[in-house]
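Notes to accompany the following structure.
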Amino acid sequence: MATLDDIKQSVIDGNLETTEVGVKRALDENFDPEAILMQGLIPAMAEVGERFERQELYVPEMLIAARAMKAGLNLIKPMLAESGVEPVGKIVLGTVKGDLHDIGKNLVAMMLEGAGFEVVDLGIDVTPERFVEAAREDVQIVGMSALLTTTMGNMKGVIEAITGAGLREKVKIIIGGAPVTPAYADEIGADGCAPDASSATTLAKTLIGWVDSEIIMPS
Ligand code: B1M
């Protein structure tokens, strides 16, 4: 497991080069890309967040770690997104207005692509108007991400805007991000929320009638 520990440490250190070297080595050594993600890259960002909370590192270090994480993710993206089948559905994804966090959202996009969805990624700091515009297109699901307690409230505004535009019956709406809970999804009238990228995929499939899911749907 030294390889995965090295990857984790490289991301924490914000070292893009050694992160890339570590991920390439792990792939050469036939590590499962999902293990690289779940035991190397993701725990690194969790550790970075904890250190930030303890004020042991600051925004610039967090940004540099995020850059290293993204470099690692880019290397495993082709494997995670490999599916080779016709799209099972189309989903619009974005991080809500005021929020610049995109690593989790990008991961959700990758896993959805891997599960056969066509993903339209609106990026970060996305206005309600932009979500509405995208919902008018031929899409089945709108997905929103928020990482800040101060921006998750903007998800409600997006749902109101989609409803106001007469599109609420046309699309399913899913939400996610660290501060988001099923109770919150229920409160704002979303169709579901997911704690991670893999369950987001299950949820999306469930909502368009592909599989049954036991979790994550608000009551
Ligand atoms: Co920010 N940040 N950050 N940050 N940052 C957090 C979120 C924070 C928890 C750190 C902390 O205090 N421990 C804290 C939020 C506190 C709060 O609101 N309660 C915080 C803060 C305070 C801030 C700033 C305000 C700091 C400042 O400026 N003083 C600032 C805000 C900027 C803004 O957005 N307006 C800020 C800035 C930044 C950086 C730009 C430096 C950088 C982001 C870089 C980038 O994304 N390109 C950054 C980072 C890296 C983090 C932490 C360390 C890591 C986030 C991350 O990428 N996690 C984070 C601490 C933490 O999360 N432990 C923190 C890894 C990622 C794989 O997980 O994003 O949770 P996550 O995504 C998961 C699930 O949540 C879920 O699936 C994903 C994959 O499994 N999911 C979905 C996400 N979206 C989904 C959508 C779905 C379904 C599931 O359906 C559509």
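Considering only region 177-197, state which residues are open to solvent by 10 Å² or more (accessible area, probe 1.4 Å) and within 7 Å of the ligand (Cβ to nearest atom).
Selection gives 177, 178, 179, 194, 195, 196, 197.
Could you grab me the full set of residues in region 1-56 that are within 10 Å of the ligand (Cβ to nearest atom) and surrounded by fewer than 18 Cβ atoms within 10 Å (Cβ to Cβ)?
Correct list: 38, 43, 46, 47, 49, 50, 51, 52, 53, 54, 55.
Does residue 142 meet the test of being in contact with an Asp or Glu (Cβ under 8 Å, 6 or more places away or on another chain), closer than 16 Å to residue 203 by Cβ and among the β-branched types (Val, Ile, Thr)?
no
Could you please find all residues in region 114-153 being part of a helix (DSSP H, G or I) and open to solvent by 60 Å² or more (accessible area, probe 1.4 Å)? Outline the logic, then answer.
Of all residues in region 114-153, those part of a helix (DSSP H, G or I) come to 114, 128-135.
Once the filter is applied, which keeps residues that are part of a helix (DSSP H, G or I) and open to solvent by 60 Å² or more (accessible area, probe 1.4 Å), region 114-153 yields 129, 130, 133.
Go through region 158-205 residue by residue and tally those that are in a helix (DSSP H, G or I), free of Cβ contacts under 8 Å to residues at least 60 places away in the same chain and not acidic (Asp, Glu). Explain how you work it out, then say what you get.
Narrowing region 158-205 to residues in a helix (DSSP H, G or I): 158-164, 182-188, 197-205.
Remaining after also requiring free of Cβ contacts under 8 Å to residues at least 60 places away in the same chain: 159-164, 182-188, 199, 202-203.
Of the ones still in play, those that are also not acidic (Asp, Glu) are 159, 161-164, 182-185, 188, 199, 202-203.
Residues flagged as in a helix (DSSP H, G or I), free of Cβ contacts under 8 Å to residues at least 60 places away in the same chain and not acidic (Asp, Glu) within region 158-205 amount to 13.
In this structure, is residue 40 under 20 Å from residue 146 (Cα atoms) and touching a Lys or Arg at 6+ places or on another chain (Cβ under 8 Å)? Walk me through how you get there before you give the answer.
Values: under 20 Å from residue 146 (Cα atoms): no; touching a Lys or Arg at 6+ places or on another chain (Cβ under 8 Å): yes.
It is false that residue 40 is under 20 Å from residue 146 (Cα atoms) and touching a Lys or Arg at 6+ places or on another chain (Cβ under 8 Å).
Which pairs turn up if I take residues in region 118-131 that are polar (S, T, N, Q) and look for partners that are assigned to a loop (DSSP other than H, G, I, E, B) and crowded, with 17+ Cβ neighbours inside 10 Å with beta carbon separation below 6 Å, at least 6 apart in sequence or on another chain?
These pairs meet every condition: 127/97.
Could you pull out the residue among 64, 76 that is near the ligand (Cβ under 9 Å from one of its atoms), in a helix (DSSP H, G or I) and hydrophobic (A, V, I, L, M, F, W, C)?
On the way: 76 fails: near the ligand (Cβ under 9 Å from one of its atoms).
From the options 64, 76, the qualifying one is 64.
Can residue 75 be described as open to solvent by 20 Å² or more (accessible area, probe 1.4 Å) and touching a Gly at 6+ places or on another chain (Cβ under 9 Å)?
Numbers: open to solvent by 20 Å² or more (accessible area, probe 1.4 Å): yes; touching a Gly at 6+ places or on another chain (Cβ under 9 Å): no.
Considered against the rule, which asks whether it is open to solvent by 20 Å² or more (accessible area, probe 1.4 Å) and touching a Gly at 6+ places or on another chain (Cβ under 9 Å), residue 75 comes out as no.
In this structure, is residue 162 among the β-branched types (Val, Ile, Thr), more than 13 Å from the ligand (Cβ to nearest atom) and surrounded by 17 or more Cβ atoms within 10 Å (Cβ to Cβ)? So that I can check it myself, show each step before the final result.
Details: among the β-branched types (Val, Ile, Thr): yes; more than 13 Å from the ligand (Cβ to nearest atom): yes; surrounded by 17 or more Cβ atoms within 10 Å (Cβ to Cβ): yes.
The answer is yes for residue 162.
The values are calculated or read from the model by the stated rules, or taken from the named source; none is laboratory data. Remember, predicted model here, so these are calculated numbers, not experimental data. Backbone-built Cβ (ideal geometry, glycine too); neighbour counts: all protein chains shown. All accessible areas refer to the heavy atoms of the entire protein, side chains included, with ligands and DNA or RNA removed. Shrake-Rupley method; radii C 1.70, N 1.55, O 1.52, S 1.80 Å.
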